[in-house]
Amino acid sequence: MKDITIAIDGFSSTGKSTLAKQLAKQLGYVYVDTGAMYRAVTFFAMQKGFVSENHLDKELLINELNNVTLNFTFNKELGFAEVYLNGTNVENEIRNLEVSRCVSQVAEISEVRSKLVEQQQEMGKNKAIVMDGRDIGTVVFPNAELKIFMNSSATTRAERRFKELSDKGQQVTYEEVLQNVQERDYIDTHREDSPLVKATDAIEIDNSSLTKEEQFNLVLNLVKQKL
Ligand code: DC
């Protein structure tokens, strides 16, 4: 069987990472969550005081980008790779609502994007990879053999994300989560550099009324056609 590149793009909280992890496990491929990379840079910028919900010191962040090193290390127990920022595991820290509120501002910066895209292309140079994000099929791997574009209603996505955060013990309201989902949709689709758009050759899946299993089987069939 030949190795292929699978690009999964779509709006926030559409279940991209769940699907990507399932596929990577089934195929023995590497899984890369590029959202985790943008979140880790955001966490770095927050710690340095370069970004908060209403403020961004773009130049200071750009000047410090050389001091940001990101790595993924596979965690056998969890079954996926966790993200490390300058040698420290930040997997939990990057998933909270504070980071979600700042990340779109950081992801708009071209210098941040080109640094991360370069690292993503390097990670995928031998194929056998499933990568999820917003610009994977359009910018990172425009020649990916399989491109999936995921969507579902904002309310469905907010419900899922609210449950996920509440289960982790985070004190958030459904309204806050919905607002964040809608704001990120807007910024992600309207930014100048690499906005979220469906690649012309991507297959769109609206999973509002699909179970995880139905979605997985649907995509696995698409993968089999490509292999
Ligand atoms: O997938 P996520 O929600 O964890 O991503 C966090 C943010 O990072 C998202 O709001 C947009 C940005 N992002 C991006 O601009 N490009 C990517 N390839 C991945 C994420």
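Brief remarks on what is shown
- Across 207, 66, 89, mean-square fluctuation computed from a Gaussian network of the chain (C-alpha pairs under 10 Å connected) peaks at 66.
- Relative to the dominant Cα principal axis of the chain, helix 110-123 is inclined by about 40°.
- Ranking 144, 89, 162 by Cα position along the charge dipole of the chain, where only Lys, Arg, Asp and Glu carry charges on their C-beta atoms, puts 144 farthest toward the positive end.
- Rounded to the nearest 10 degrees, the inclination of helix 16-27 to the longest alpha-carbon principal axis of the chain is 40 degrees.
- The longest part of the chain holding none of the exposed loop trypsin sites (Lys or Arg not before Pro), meaning those outside H, G, I, E and B in DSSP with at most 12 other Cβ atoms within 10 Å, is 3-75.
- Counting only Cβ charges, +1 for Lys and Arg and -1 for Asp and Glu, the dipole size of the chain around its Cα centre is about 700 debye.
- Nearest 10 degrees, 0 to 90: helix 154-167 Cα axis against the chain principal axis: 70 degrees
- Overall form of segment 166-227 per C-alpha gyration tensor (a/c, 1.5; a/b vs b/c): oblate
- At most 11 other Cβ within 10 Å, DSSP loop - chymotrypsin sites (Phe, Trp or Tyr not before Pro), segment 1-96: none
- Cleavage-rule hits, GluC sites (Glu not before Pro), segment 133-227, DSSP coil, Cβ neighbours within 10 Å at most 14: 192
- With protein chains left intact and a 1.4 Å probe, residues in segment 1-41 average 33 Å² of accessible area per residue.
- Within segment 117-194: Cβ-based charge dipole about Cα centre, in debye rounded to nearest 20 (Lys, Arg +1; Asp, Glu -1): 280 debye
- As a length-normalised measure over Cα pairs under 8 Å and 6 or more apart, the relative contact order of segment 149-222 settles at 42 percent.
- For segment 1-132, the relative contact order works out to 42 percent when only alpha carbon pairs closer than 8 Å and six or more residues apart are counted.
- Sparse packing (at most 10 other Cβ atoms within 10 Å of the Cβ) combined with a DSSP loop state is found for the following GluC sites (Glu not before Pro) in segment 47-97: 53, 77.
- Shape category assigned to segment 52-211 from the gyration tensor of Cα positions, a/c cut at 1.5: rounded
- Relative contact order of the chain, defined on C-alpha pairs under 8 angstrom at six or more residues apart (%): 33 percent
The values are calculated or read from the model by the stated rules, or taken from the named source; none is laboratory data. Worth saying up front: this structure is predicted, and the values here are computed from it rather than measured. Reconstructed Cβ throughout: ideal geometry from the backbone, glycine too, with neighbour counts over all protein chains shown. Calculation scope for accessible area: heavy atoms of the full protein, side chains included, ligands and nucleic acids excluded. Shrake-Rupley method; radii C 1.70, N 1.55, O 1.52, S 1.80 Å.
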